[in-house]
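For reference, the structure discussed in these notes is given below.
The values are calculated or read from the model by the stated rules, or taken from the named source; none is laboratory data. For clarity, every value in this text was computed on a predicted model and none was experimentally measured. A quick note on method: Cβ atoms are made from the backbone with ideal geometry, for glycine too, and the neighbour counts reach across all protein chains shown. These accessible areas exclude ligands, DNA and RNA; they are computed on the full protein's heavy atoms, side chains included. Shrake-Rupley method; radii C 1.70, N 1.55, O 1.52, S 1.80 Å.
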Amino acid sequence: MPTGKITIKSHDGKSIVNCYKVLASSVMYKARNDEPKYWLIGINSGALWGEKSTVLGWYADEENIKKEMDEIADAINKGIPVYELKYAVKVKNKMRRVKIDED
């Protein structure tokens, strides 16, 4: 039975978020060739001071983040309680920038 929520583990494995909303967005800066261009954000609570969000994953292109969103929506509609990211790229932090980790 669909609940409208889904649990997703973040790209770095440091957060497990019970999301009621998932947003796809382009990054806030002009991404270079070796940087992800999109990020997936999970919203897990609304509060007096606004919503609490967590970056779930980073994406090299729009096609992959759209596929991820479609599969998350499908899982929510089917009542699947847990979703594992499939299209996120591995990243590493370098000098205040997020770089795609090719290793």
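See the values below:
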quantity: Accessible carbon and sulfur surface of the chain relative to its total accessible area, %, 1.4 Å; calculated: 52
quantity: R0 of 25 Å, Cβ-Cβ distance residue 7-residue 94: FRET efficiency to nearest 0.05; calculated: 0.25
quantity: Entry for Cα Rg over 2.2 N^0.38 Å (calculated from the structure that is shown) out of [x] 1.22; [y] 1.08; [z] 0.97; calculated: [y]
quantity: Cut-off under 5 Å, modelled amide H: who pairs with residue 19 long-range; calculated: 6, 7, 8
quantity: Residue-by-residue Karplus 3J(HN,Hα) for the stretch 90-102, coefficients 6.51, -1.76, 1.60, Hz, glycine and proline x; calculated: 6, 10, 9, 8, 9, 6, 6, 10, 9, 10, 6, 8, 7
quantity: In sequence order, calculated HN-Hα J values of the stretch 12-20 (Karplus, 6.51, -1.76, 1.60; Hz; x Gly/Pro); calculated: 9, x, 8, 9, 10, 10, 8, 8, 9
quantity: Cut-off of 10 Å, at most 11 other beta carbons, DSSP loop: longest stretch of the chain lacking such chymotrypsin sites (Phe, Trp or Tyr not before Pro); calculated: 50-103
quantity: Where the chain is the region considered: accessible area per residue in Å², 1.4 Å probe; calculated: 68
quantity: Folded to 0 to 90 degrees: helix 62-77 orientation relative to the chain principal axis, Cα; calculated: 10
quantity: Amide proton proximity set for residue 35, modelled H, under 5 Å, gap of 5+; calculated: 100
quantity: Value of relative contact order over the chain, rounded to a whole percent, pairs C-alpha under 8 Å and six or more apart; calculated: 30
